[in-house]
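Notes for the one structure printed next.
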Amino acid sequence: MEFNTRLLHGKAVRKYPDSAILPPISQVTAFRFDTAEEQAKVFQHKAAGFAYSRVGNPTVAAFEQRINELEGGNACIACSSGMSAITLALLNMLCAGDEIIAGSGLYGGSIDLFEDLTKFGITTHFVNHVTPEEIEPLINSHTRLIYSEVIGNPGLRVLDIRKVADFAHAHGIPLMTDSTTATPYLVNPISLGADIVVHSSSKYINGYGNAISGVIIDSAKFKWDFDRFRALDGYRKFGNLAYTIRLRTDIWENMGSCLSPANAFLNIAGLETLGLRMERICSNASRLAEALNGIDGIKVNYPLLESSPDRDLCRTQLKGFGGGILTFRTGSRERAFRILNSLKYAVIASNIGDIRTLAIHPDSTLYIRSTKEQKESAGVFEDTIRVSVGIENIDDLIDDFTEAIRNS
Ligand SMILES: *Cc1c(COP(=O)(O)O)cnc(C)c1O
């Protein structure tokens, strides 16, 4: 089954109550039982069932199953936001004293989170781009995780998943990828060796900009050495499933960032057009990048451009696509603001992955907590504009941006 068919007819698409085409929104806090014995069995994980929506809900489960199928994971757990997914994915396997090696061209919120974690004794070392050459000198006996975005937002460097996963595994370290900007349409990181995948499903997965959420997908393939991964000690008997089981029954359940059933429903409805949207969005982004790159004084960053070091990797790993985000430098902060203010169709908003084209000045918004050095290694300069390309007609988008640039 090809991708678009799988979205509508895959294994995870079930028959729902009352023959409904989409899963009903189980907008309840608790589920009733006929007997106390049945309730006890569900609590003790001796019978399947739902008891309380923070711990399990049918609409949320339907969303998790669809994402798990699309990513080829062993289990998927949905969270209240992308940031909660990243936070819980990390806390589930890390203890004070552990170290992470991460790419620097990351989502600003993730960079801030790594900073927050230092107060809990978890240290992150940043490399410019996550490659075996850059990681190797930073690996020591405390290193427990390699973390990278598949297409950095907004750095836009592309991770060579296979190469980095093989290298990490040779050192007994798992690879966690944030695949928000790539989506399961461009690549399944697990199929290339990634161990844990996270997404902000607020973005392309939802697609319509109407719900915040995140997902964690565990491949359950990593062979945890429980003497080194002390966070998972106590889950030894579950072997490869230790990560999922601790997450589901401990960290995720107790930290309480469950996804609301209504938002799970909006994600399922949005998800069904993911393939179509990504095809259009990537094609628009590529054409807009080419068009703007030809304008005097404008420097575009997009993974498929001739000037990009990751062009070949897009071919071999991302089905020839370069994703839906591009950034461009305008010459000055003032000009960047003038351009943003002159756009007719592109909306000034801090989101990505919407069907509408969105634009933002990251230096004065998303990166206000970062140092100059952190910003520059994320590809954020004071004259940078980030564009999340939508599904509008490309000629209108090219006209909108070219006019805004020419008149500014
Ligand atoms: C938006 C985003 C996040 C954070 O997700 P929220 O749903 O806003 O919490 C994490 N990573 C990337 C790459 C993002 O674009």
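All of the numbers you see were taken from the coordinates with simple rules; none came from a lab. Quick caveat, the model's predicted, so the values are computed rather than measured. So basically every Cβ, Gly included, is an ideal-geometry build from the backbone, and we count neighbours across all protein chains shown.
Remark: spin-label model distance Asp225-Asp296 equals 6.0 nm, labels positioned 7 Å along the Cα→Cβ axis. Computed over the chain with a Gaussian network model linking Cα atoms closer than 10 Å, the most mobile of Asp396, Asp310, Asp363 is Asp396. Subtracting the Cα-Cα distance of Phe120 and Lys163 from their residue separation scaled by 0.36 nm leaves 12.4 nm. Considering only Ile394, Ile21, Ile135, the Gaussian network model of the chain with Cα springs below 10 Å gives its largest mean-square fluctuation to Ile21. With the highest mean first, a sort of the peptides 214-224, 251-261 on other beta-carbon atoms found within 10 angstrom per residue produces 214-224, 251-261. Of all lysines in the structure, those lying under 28 Å Cα to Cα from Lys163, and not within fewer than 8 positions of it along the same chain, are Lys203, Lys221, Lys223, Lys319, Lys375. So what does log10 I(q)/I(0) come out to for segment 275-406 at q = 0.13, 0.19, 0.22 Å⁻¹, using the Debye formula with one equal point on every Cα and no solvent? Log10 I(q)/I(0), no solvent term: -0.50, -1.10, -1.42.
Counting neighbouring Cβ atoms within 10 Å and putting the fewest first, the residues Ile368, Ile161, Ile25 line up as Ile368, Ile25, Ile161. Considering only alpha-carbon pairs that sit under 8 angstrom and 6 or more positions apart, the relative contact order computed for the chain is 17 percent. Neighbour counting of Cβ atoms within 10 Å sorts the residues Val60, Val164, fewest neighbours leading, into Val164, Val60. This ranking places Thr371, Thr180 by how few other beta-carbon atoms lie within 10 Å of each, fewest first, which gives Thr371, Thr180.
GNM remark for the chain: springs join alpha carbons under 10 Å apart, and the peak mean-square fluctuation among Ala48, Ala182, Ala170 falls on Ala48.
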